[in-house]
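Please read the structure below before turning to the comments.
The values are calculated or read from the model by the stated rules, or taken from the named source; none is laboratory data. Since we're looking at a predicted model, the values are computed, not measured. With ideal geometry, Cβ positions are generated from the backbone for all residues, glycine too; neighbour counts draw on all protein chains shown.
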Amino acid sequence: MSVFGDSFLINPDLFPARRSGEAWGSREIALALPGGPYRFSGLNADQKAAVRERFGAYCGTDGLGTPAIESVLFRAAEADFRAIDVRGWEYALDLDATPEAVRLAGLRLVGRLDWRPRLAGALWTPDGGGAAFAGIFENFLRVLVAYRLHELGGAVLHCAAVASPRGARLFLGRSGAGKSTVSRLAQEHGAQVLSDDLNALRLKAGAVTVEKLPFTGDYGDPRTPSPAVPLAGLYRLEKDTVDALRPLSRAETVACLLACSPYVNADSHRRDELFSDLLLLAPAQKAWSLRFSLDGGFWPILG
Amino acid sequence: MHTDSQAAIDTATVLRPSRDIRYRRIDGEAVVVRQKAAEVLVMNEVAARLLDLADGRSSVGAWIDVLAGEYEVDRETLERDVLTFAAELAAEGMLEIADGV
């Protein structure tokens, strides 16, 4: 049985037990993402520039003076991390959850989410800036936002979200299911792709809404926020040689949402709550299994 | 191919949902999470009913008594179908023999 953090850390036993350490600097930045603002302190100038470069208009000063989800950035030693040959390697963060905290370990990062009782984060890394730091920051932020939205009764979903005047359609599936393919085909039909990787689903004012997240693969602008859009439909992707729709039962819909709720769905302490939230978010009469071919013929059958 | 779990199941066997799974009933069906495999499945109404009956106390024979009142099918057929289905669920790791019974 593998020990938490062992894949990434030389000494997993030395994982930080609390949010403390040596800050990289005195800079702060706030990101206006769903569930936020998310305020980070302890950055140096290069790290702040890297975050600004990566997240563009999501960054601002709005969260600096208001209640926010607080996270702190600390230095970690290079020697704490294993050297990993990433060629042909599929990256997955290592998470370890308890009712009070979530610990995460990854490539050149360790992090914590603590409920004190309010959610607060901490990120340790040996990277002082640049694109590599931006990637590390994003990996931490993905987990932070997923848990924050879970706290609010929402969910971050592995899906492509495509907006049209009728609302946003979600195409769900794990890696390889066809999210980017569907995004490309939808874009060719004139639809706007919010993100082809992760999007948020939340109840707002009694309606299930889709919110863009700046976590994209090949399609979607990760630097420009977009307003929340009502959910128009949910589609479970199945690559095929034909194009066809089949309504999903409520159980199938919830199962699909659960399978596509990264991080939180693997957390045994929060899965029951996630189940309940997804039951509220699962759209009645609006969920289908979509078998689709690569010629884009599926688009007209969505209606 | 028969596994040990399949071979061991008869009307006296007491089963419970596997420790690895968590499930929730939704409109008759069941959404099942296999935790180790990080897999989510949907089980039909009959399989979901067996998960409910597998409480770790009642024997498979007791399930058959309950189901005989719910389904219009002769007892012999019902017993054969339930034993087969229970064995399949056990072979797939959904059910396990209850400890200490």
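Structure notes:
- Looking only at the stretch A:143-166, residues that are surrounded by 20 or more Cβ atoms within 10 Å (Cβ to Cβ), within 19 Å of A:Ala32 (Cα to Cα) and not aliphatic (A, V, I, L, M) come to 4 in all.
- Count of residues meeting criterion [modelled with pLDDT of 95 or more, surrounded by 20 or more Cβ atoms within 10 Å (Cβ to Cβ) and among the small types (Gly, Ala, Ser)] in the stretch A:36-75: 3
- In this structure, B:Ala47 does not qualify as within 13 Å of chain A (Cβ to nearest Cβ) and on the phi > 0 side of the Ramachandran plot.
- Long-range neighbours under 8 Å by Cβ, at least six apart or interchain, first residue without any contact (Cβ under 8 Å) to a residue 60 or more places away in the chain within the stretch A:170-195, second of a type in the set (Ser, Thr, Tyr) and part of a helix (DSSP H, G or I): A:Val193/A:Ser183
- Leading residue by the ranking (surrounded by the fewest Cβ atoms within 10 Å (Cβ to Cβ)) among those in the stretch A:2-35 that are assigned to a helix (DSSP H, G or I) and not charged (D, E, K, R): A:Leu14
- The number of residues in the stretch A:273-289 that are in contact (Cβ under 8 Å) with a residue 12 or more places away in the chain, small (Gly, Ala, Ser) and within 12 Å of chain B (Cβ to nearest Cβ) comes to 3.
- Selection status of A:Val229, closer than 30 Å to A:Cys59 by Cα, among the aliphatic types (A, V, I, L, M) and more than 14 Å from chain B (Cβ to nearest Cβ): yes
- Residue among A:Arg236, A:Arg223 that is under 29 Å from A:Ala92 (Cα atoms) and surrounded by 18 or more Cβ atoms within 10 Å (Cβ to Cβ): A:Arg236
- Summed over the stretch A:167-212, residues that are assigned to a loop (DSSP other than H, G, I, E, B), surrounded by 24 or more Cβ atoms within 10 Å (Cβ to Cβ) and among the aliphatic types (A, V, I, L, M) total 0.
- Residues of the stretch A:102-121 classified as charged (D, E, K, R) and assigned to a loop (DSSP other than H, G, I, E, B), total: 3
- Pair list, Cβ under 6 Å, 6 or more apart: the stretch A:126-137 residue in contact (Cβ under 8 Å) with a residue 24 or more places away in the chain and under 16 Å from A:Gly217 (Cα atoms), other residue of a type in the set (Asp, Glu) and surrounded by 19 or more Cβ atoms within 10 Å (Cβ to Cβ): A:Ile136/A:Asp127
- Pairs linking a residue in the stretch B:30-44 that is more than 9 Å from chain A (Cβ to nearest Cβ) and in contact (Cβ under 8 Å) with a residue 40 or more places away in the chain to a residue that is of a type in the set (Ser, Thr, Tyr) and in a loop (DSSP other than H, G, I, E, B), with Cβ atoms under 9 Å and 6 or more positions apart or on different chains, are B:Arg34/B:Ser18.
- Residue ID - nearest to the chain's Cα centre (by Cα), chosen from residues in the stretch A:239-268 that are away from chain B (no Cβ under 13 Å) and either surrounded by 14 or more Cβ atoms within 10 Å (Cβ to Cβ) or within 18 Å of A:Ala161 (Cβ to Cβ) (or both): A:Lys239
- Residue satisfying all of: in the stretch B:12-29; over 16 Å from B:Ala90 (Cα atoms) and basic (Lys, Arg); nearest to the other protein chains (Cβ to nearest Cβ) among these: B:Arg24
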